[in-house]
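A short write-up of the structure that comes next.
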Amino acid sequence: MADYIYTMELRLTPDQLKGVGLVQDVARAAGMNLYLTGGAIRDIISGFTIRDLDFTVQGSPLKLQKDFEKAGAKITAVEEDTRTIFLALPGNARAEVSMARTEKYEKTGKPPLVMPSTIHEDLRRRDFTVNAMALSLNEGSRGLLLDPFNGVADIEAKLIRILHNYAFLEDPSRLIRATRFAARFHWPLEERTQARYDAAKEGKYIDHILKSSIGHEIGALAHEDDPLHVVKMLEKEGWLEILHDKWTSAKVDTNGITALMKTRQQMVDLGYTPDAGPAVMYFLTSHFSDKDVSDIQKLIPREDLVEAWRDIEDHAKELAKRLMGKEAATPSRTWQLLSSARPEMVLFLAVTAKQQSVEQKIKNYLTKWRQVQQKIPLPEMTELLITPQLPIYPKLAHDVFMLLLDGKLRSRTETLKFLKPFAPPPPPPPPAPRRGRAAKLAAQPTAKPGAPQPAAKGGKKGKVAAAPAPPAPAKPESKVQEKAKAAKPKAAPPKAAAKPASKSAKKPAAKKPKQKRK
Ligand code: CTP
């Protein structure tokens, strides 16, 4: 049986994983059953990017708001009717926590009647089989996958399948969602689903879409990996104009969004996790009037997305200004400024900067200057015992990098000269070994550091193999001592350390007769 908890832990980002822990702790403390559901499970199993975490609790999550805030999450939106809260989790992770519910559709175009339910009933009200799974996060059943519609099989078959014949009639936003998922995953609609989809399109079910669903679907575009492709598919199917009557792909800044997604990938490859959502929305609506943009923003439930989208240009201008000022007068200062800026701002400015100097600085930050890191002489630093275990190491490595960036250390020799004074004194040699037969052999005049090889060639394999061990550690030490001596003028007291060490080395010799008597 598949270990879904293991897969989850493997696939989630560290921030998302911490987010699961946070939500789990809050739900447990409140005595509520918690499940990871919907798209998160689909993406964990299928291997696609996990955009956000969908949780379902049995009970109302609205009463957990304060607990979530206390645990460090930010509530970014609340949907009273479905009892859903949207969370910005510490780091860069988003989550939705919904109440397990049934939805009864009494009249087309009217919001459904929402009733609390069990997780099993909740899964039945969902859109597609691949989205109708739940992973238990509860003590006792943690890791159990609920998959009543064989979603895993449809993931394997790469098919989008509705749960029942009335799916599109009940919730016409599923037409848009079906197109969005088909475009994103490049999975076709299953045959019967396609037939229902065509009939729904023909029957203009979409006219009954709820306003809240429109906002939800617009917001979802922000987190697509290939938003341009999705928008084109939505346009082809006639759904883009449902999201906004003036929306066509002509409103999109195609070059801008292409450059954005390319730079985003470049940053992801470097280990950053910029939230491209606000910038994606900016480019998808670039050629709209301010009034239309503002109307679209009003529909989106996630306040954090809207706020970041509204502020994006101003924040980018601020960063550009700083990049042109004294604060970024040298490569090292520019590096520090960009390292402390939010990755999403670096991303946005990288593709929108109007000043060539700003553009160049960000380009250097993301490419050329990274190669300078390779000039840090790590092997020599290790020989000098300047290793990550040293408290000073992070600062030292950073300082060297900054000096290299600014061209103040121009060669390896110069870099080592700078580093040597920071080399710690060598550790005292280990206590001399107890004198046994093997040690005696090693102590014989011929058993100098070079001895192991000839001895190993001799007959008594087992015992001789043990003999070279004691002198061996002395080898790297003396090498290090030599190196450290070079650094001695400024470094601390290798002498003091050496003295007791040599004393202790003499001690076992004095004990020799005692051992012999035994
Ligand atoms: N859902 C649904 N019908 C809708 C909207 C949502 O059944 N109209 C259910 C699905 O189970 C979906 C889950 O709620 O998986 C979460 O909704 P949402 O975040 O919109 O969908 P995701 O599948 O997570 O999509 P994405 O990957 O774009 O976040």
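The values are calculated or read from the model by the stated rules, or taken from the named source; none is laboratory data. Everything numeric here is computed off the predicted structure, so don't read it as measured data. Every residue, glycine as well, gets a Cβ built from its backbone with ideal geometry; the counts of neighbours run over all protein chains shown. The area values use the complete protein model at the heavy-atom level, side chains included, leaving out ligands, DNA and RNA. Shrake-Rupley method; radii C 1.70, N 1.55, O 1.52, S 1.80 Å.
Among the residues of the stretch 226-249, what is the count of those that are in contact (Cβ under 8 Å) with a residue 40 or more places away in the chain, open to solvent by less than 60 Å² (accessible area, probe 1.4 Å) and of a type outside the set (A, V, I, L, M, F, W, C)?
The qualifying residues number 4.
Taking only the stretch 278-324 into account, find how many residues are at pLDDT 95 or above, open to solvent by 30 Å² or more (accessible area, probe 1.4 Å) and either of a type in the set (Gly, Ala, Ser) or assigned to a loop (DSSP other than H, G, I, E, B) (or both).
5
Name every residue in the stretch 84-100 that is within 14 Å of the ligand (Cβ to nearest atom) and under 27 Å from the mean Cα position of the chain (by Cα), in order of residue number.
Within the stretch 84-100, 84, 85, 86, 87, 93, 94, 95, 96, 97, 98 meet the criteria.
If I filter the stretch 164-177 for residues that are assigned to a helix (DSSP H, G or I), open to solvent by 50 Å² or more (accessible area, probe 1.4 Å) and within 15 Å of the ligand (Cβ to nearest atom), do I get at least one hit?
yes
Results for (1) surrounded by 16 or more Cβ atoms within 10 Å (Cβ to Cβ); (2) under 31 Å from the mean Cα position of the chain (by Cα); (3) within 15 Å of the ligand (Cβ to nearest atom), shown as yes or no for each residue.
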| position | (1), (2), (3) |
| --- | --- |
| 191 | no, no, no |
| 197 | yes, no, yes |
| 201 | yes, no, no |
| 205 | yes, no, yes |
| 214 | yes, yes, yes |
| 218 | yes, yes, yes |
| 224 | yes, yes, yes |
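Can you tell me which residue is least open to solvent (accessible area, probe 1.4 Å) among those in the stretch 112-127 that are under 12 Å from residue 35 (Cβ atoms) and more than 10 Å from the ligand (Cβ to nearest atom)?
That would be 119.
Could you tell me whether any residue of the stretch 55-68 is among the aromatic types (Phe, Trp, Tyr) and buried (at least 18 other Cβ atoms within 10 Å of the Cβ)?
Scanning the stretch 55-68, I find at least one residue that is among the aromatic types (Phe, Trp, Tyr) and buried (at least 18 other Cβ atoms within 10 Å of the Cβ), so the answer is yes.
I'd like to check something: does the stretch 128-139 contain any residue that is within 11 Å of the ligand (Cβ to nearest atom), of a type in the set (Gly, Ala, Ser) and in a loop (DSSP other than H, G, I, E, B)?
Looking for residues that are within 11 Å of the ligand (Cβ to nearest atom), of a type in the set (Gly, Ala, Ser) and in a loop (DSSP other than H, G, I, E, B), one finds at least one in the stretch 128-139, hence yes.
What's the number of the condition residue 142 fails, among (1) part of a loop (DSSP other than H, G, I, E, B); (2) within 14 Å of the ligand (Cβ to nearest atom)?
Of (1) part of a loop (DSSP other than H, G, I, E, B); (2) within 14 Å of the ligand (Cβ to nearest atom), only one is false for residue 142: (2).
Test residue 103 against the stated conditions and say whether it is within 13 Å of the ligand (Cβ to nearest atom) and either outside any helix (DSSP H, G or I) or modelled with pLDDT under 95 (or both).
Answer is yes for this residue.
Could you say which residue among 109, 140 is closer than 21 Å to residue 4 by Cα, open to solvent by 10 Å² or more (accessible area, probe 1.4 Å), assigned by TED's automatic domain parsing to the domain that holds residue 2 and at pLDDT below 95?
Only one candidate passes the filter, namely 140.
Residue 356 passes all but one of (1) crowded, with 20+ Cβ neighbours inside 10 Å; (2) over 29 Å from the mean Cα position of the chain (by Cα); which number fails?
Evaluating residue 356 over (1) crowded, with 20+ Cβ neighbours inside 10 Å; (2) over 29 Å from the mean Cα position of the chain (by Cα) leaves (1) as the failure.
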